[in-house]
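Below you'll find the structure, written out as structure tokens, and then a few comments.
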Amino acid sequence: MTSPARELLDLPPFGLSQAEKRARLLPMLRTLTTHHAERCAPYRHVLDGVFGGADRLRIERIEDVPFLPVTLFKTHTLASVPDAEVVKVLTSSGTTGQQPSRIVLDAETASVQAAVLVKVAQHFLGRERLPMVILDHAGVVRDRRSYSARGAGILGMAQFGHRPFYALRDDMSLDEEGLRAYLTWAAGRPVLIFGFTFMIWQYLVQALERGGRRLDLAGGVLVHSGGWKKLQEAAVDPGTFRDRVAAVTGIERVINFYGMVEQVGGVYFENPKHHLQAPIYSEIIVRDPVTLAPLPDGEAGLVQVLSCLPTSYPGHSLLTEDLGVIRGVDPEGTGMGGRSFEILGRVPKAELRGCSDTFVAHA
Amino acid sequence: MSGTPPPAPHELRPWHTVADRIRVLAPADDAAGLRAFLDATLELRAEPFARVRLDTLGRLSAAVLADPLLRRDPASVALAYWLRPAQLARLAEEHARRAATEPDVLRVPAGRVLHLAPSNVDTLFVYSWALAFLCGNASVVRLSQESGAVVEALLRVLDAVASRDEELRATNRFVTYGHDDAITAALSAWCAHRVIWGGDETVAAIRPLPLPSHASERVFGSKYSFAVIDAERYAGAPGDERTRVASAFFNDLFWFDQMACSSPQVVFWIGPPDVSGGAAADFEATLQREVERRGFEPTVSSAVHRRSYAFGLAATTDVRVVLEHPGFVGVHVRDRMALDKEVCGGGLVRHVAAARLSEVLPFVDEGDQTVTHWGIDAESLRGFAALAGGRGLDRIVPIGEALAFDVVWDGFHLMDDMLRRVRVRGGDRGRAAARP
């Protein structure tokens, strides 16, 4: 099946107002729901067992689109294409010790995914591939058969850079000498820096601060992703993070990125108001974590992500375990349409103590 | 306890070498004190149901109820209720009655009991310990290193009571330590009876550690529990009666996050299928009203956990998942054959229709513990227990009593474990009687 998202590829990635976007997405999400119900038996069972029956669904608004908990991809393989058509399997471990998610892509979904990622990334980074510094060690992507979610994230982003340089040594220390040499090579061109939020903080900002040193990356752009938990514990809020990055590197553009391997097409960069912005291929709903009722803007709850991309697996509507809040719609002055939001953290894992854990350590 | 015995070689008293790796939680003590305690209790002589010990437990009961945190925890209130003098007097009577049936048997304490407490049922370590204490034993109770607020509060209360109670202080230690077989082995060498609470994995991990050749052991493996309700009687019951059933079930379901061995995982609706469906739906609605009436707010973590679990069931088995009740998730199992015994916990109720109680029998196996029931006559329940027979089932009790502690647990009378029976026959009666 052709991905409905193809219809949107000629538009700028933030070029529809919220109302226009919802009108375009609704029939696409309906089509995807039917498509997956016909081709993915476990998905159909969920529609029958949880949503009152695949044949009796009434999807009148985007909020009516059935969803799957994102963790279902850790326990079940959900595919809407025959094995022979699978060209790529994305895996993500999430938290240590958990089973990884398995996401199957066919040629169509993989190609639209790549196109959408390029469109969204170029909106923020421009068309030119910039010299790129990756705040990690090269080992994290060395073995392509077994690389982690971190490695996968890095490889996804690395395509937007030119001759990426891995700025950490294997022991996670900052290779300042190598980095300075790379910047000399870059000869004053703006540099793209990418890394995971806590690693940027710990191995770049704090490392430089401790040594009382600065790097000159003025004019560069820093893209960071991953949870804030460790920074929250150190009482570092996003504003402080940006200020301290600017102080040691001169970087004024710091862009947070949110996304998950389970939903291709759900790529969210921070808009100029420092809120994550949903592109035209995707919608965000925030629901009450217990009742699941959709919440009004400004109220915190569980984040549901919807995407008109995936045709090879039923990932067009997923209930995440992330807590978030809608911050605005078609935010003024950004030139961008759609909802903007903020991620507040993750729901802590239920600590259900089985009768078996008295003496046996569990991962 | 007179005089410290002469020091013995370490191989005979292995606890001497591990005591500094054990943290004593109550009564406050250090490694040297713990060593002295373990040595001294080898010589302990006490009698079952001594007045002084009954009084101690009575004070403990009052202290639990006076604690601001514990008095709000229903499971701790139930514990305090169980420890109150009138209830203990009933236990003492039961002891006396059992003794009277065997006049030539003297019951003496087993001596030293090592309790390995479970981490899923906060209050259980106190029951296990209190029985040992009542029976005249010395105890070491090992608790999990990651205890919650309730366990911490219980230990605080125990410590406070012990500070004014020489008997309690001299004969008991509540301790914790990491997953360290050497320590468990050393404490096992000390004990005369070892109780392992905590499920299959714990039993498998601890059981290989040797006990003294004269010591005994009781283990409690993982168990599974469910409820049975007569669908027609429930459907025909007046509203306030149905509310009482749901209210009783509320305790069974939500105490200890539905993770205790006795927590019901399934409700079997006994009756015609057309009645069962409606009865189950009404039961869920009534239970939700009870959730709201009590102001019970499920944590987001358990809501997310049970919902994900239910979606997983829906993806692979023929079930109908009811998400509309915020307090819990209902999973209506259409294909009984697909019913497994995996435990979700955190408020997930599976409903299964069965035309007759006997249809539940194939589901029963050795790992089953408690059947809670409503609306079913006593004769049918006894018949059910008899037919299940050796295949399992330890308790069949009314809905609302799933988590109630009972001295008969998993089929064993715990007082029998804590006491030794000494048969005394013959002897010259006249001379003893002549003494003042």
_Can you give me the C-alpha center-to-center distance between segment B:245-273 and segment A:246-316, rounded to a whole angstrom?_
39
*How much of residue B:180 can a 1.4 Å solvent probe reach, expressed as accessible area in Å² and rounded to 10?*
40
*Tally Lys and Arg at +1 and Asp and Glu at -1 over the other residues with C-beta under 13 Å from the C-beta of residue A:67: what net charge comes out?*
-3
*Per the helix-only calculation at 222 nm, which mean residue ellipticity applies to chain B, given -39500 (n - 2.57) for every DSSP H run of n ≥ 4 and division by its residues, nearest 500 deg cm²/dmol?*
-13000 deg cm²/dmol
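Quick one: putting +1 on the C-beta of Lys and Arg, -1 on the C-beta of Asp and Glu, what dipole do you get for segment A:118-257 around its Cα centre, in Debye to the nearest 20?
420
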*Solvent accessible area, Å² - residue A:197, 1.4 Å probe, full protein context*: 0
*Where the centroid of each part is defined by its Cα atoms, how far is segment B:381-401 from segment B:151-208 in Å?*
31
*Under a 5 Å amide H to amide H cut-off, with H placed in plane at 1.01 Å, what residues pair with residue B:419 once short-range neighbours are removed?*
B:110
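State the antiparallel share, in %, of DSSP beta bridges confined to chain B, rounding to the nearest 5.
25
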*Cβ under 11 Å from residue A:81's Cβ, residue A:81 left aside: what net charge do those residues give with Lys, Arg +1 and Asp, Glu -1?*
-3
_List the residues, sorted by chain then number, that are 5 or more residues from residue A:221 or on another chain and whose placed amide H is less than 5 Å from its amide H._
A:191, A:192, A:193
*For B:256, A:14, write out the residues from largest to smallest accessible area, computed with a 1.4 angstrom probe and no ligands counted.*
B:256, A:14
*Express in Å², to the nearest 10, the accessible area of residue A:341 obtained by rolling a 1.4 Å probe over the protein heavy atoms while all chains stay in place.*
0
*J(HN,Hα) series, segment B:202-219, from Karplus relation 6.51 cos²θ - 1.76 cosθ + 1.60, nearest Hz, glycine and proline x*: 5, 4, 5, 6, 8, 3, x, 6, x, 10, x, 5, 9, 7, 10, 8, 10, 10
_Additional length obtainable on full extension of the chain from residue A:177 to residue A:59, 0.36 nm per residue less Cα span_ = 36.7 nm
*asked:* What is the sum of charges, Lys and Arg at +1 and Asp and Glu at -1, for the other residues whose Cβ falls under 13 Å from the Cβ of residue A:37?
replied: +1
_Portion, in percent, of the accessible area of segment A:118-257 that falls on carbon or sulfur, probe 1.4 Å_ = 50
*Mind listing the phi-derived Karplus ³J(HN,Hα) values for segment B:26-40, rounded to whole Hz, using 6.51, -1.76 and 1.60 with θ = phi - 60°, and x for any glycine or proline?*
6, x, 3, 6, 10, 4, 5, x, 5, 4, 4, 4, 5, 5, 5
*Where the centroid of each part is defined by its Cα atoms, how far is segment B:14-80 from segment B:330-365 in Å?*
41
*Can you pick out the pairs among A:74/B:341; A:21/A:229; A:88/A:230; A:74/A:273; A:273/A:349; A:21/A:273 whose Cα atoms lie more than 23 Å from each other?*
A:21/A:229; A:88/A:230; A:74/A:273; A:273/A:349
*Under a 5 Å amide H to amide H cut-off, with H placed in plane at 1.01 Å, what residues pair with residue B:136 once short-range neighbours are removed?*
B:49
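Once you average over the residues of B:201-210, how many Cβ atoms of partner chains fall within 10 Å of each Cβ?
Details: counts 9, 6, 4, 3, 5, 3, 0, 0, 0, 0.
Per-residue shielding by partner chains comes out at 3.
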*Gain in span if fully extended, residue B:45 to residue B:23, counting 0.36 nm per residue against the direct Cα distance*: 5.3 nm
*For the protein assembly as shown, give the magnitude of the charge dipole about the Cα centre (Cβ charges: +1 Lys/Arg, -1 Asp/Glu; no others), in debye to the nearest 20.*
1080
*Karplus-derived 3J(HN,Hα), 6.51/-1.76/1.60, for each residue of segment B:394-405, Hz, glycine and proline x*: 9, 9, 10, 9, x, 3, x, 10, 4, 9, 5, 6
*Can you list which of the trypsin sites (Lys or Arg not before Pro) found in segment B:283-330 are DSSP loop residues with at most 16 other C-beta atoms within 10 Å?*
B:294
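The values are calculated or read from the model by the stated rules, or taken from the named source; none is laboratory data. Since we're looking at a predicted model, the values are computed, not measured. We place every Cβ from the backbone using ideal geometry, glycine too, and count neighbours over all the protein chains shown. These accessible areas exclude ligands, DNA and RNA; they are computed on the full protein's heavy atoms, side chains included. Shrake-Rupley method; radii C 1.70, N 1.55, O 1.52, S 1.80 Å.
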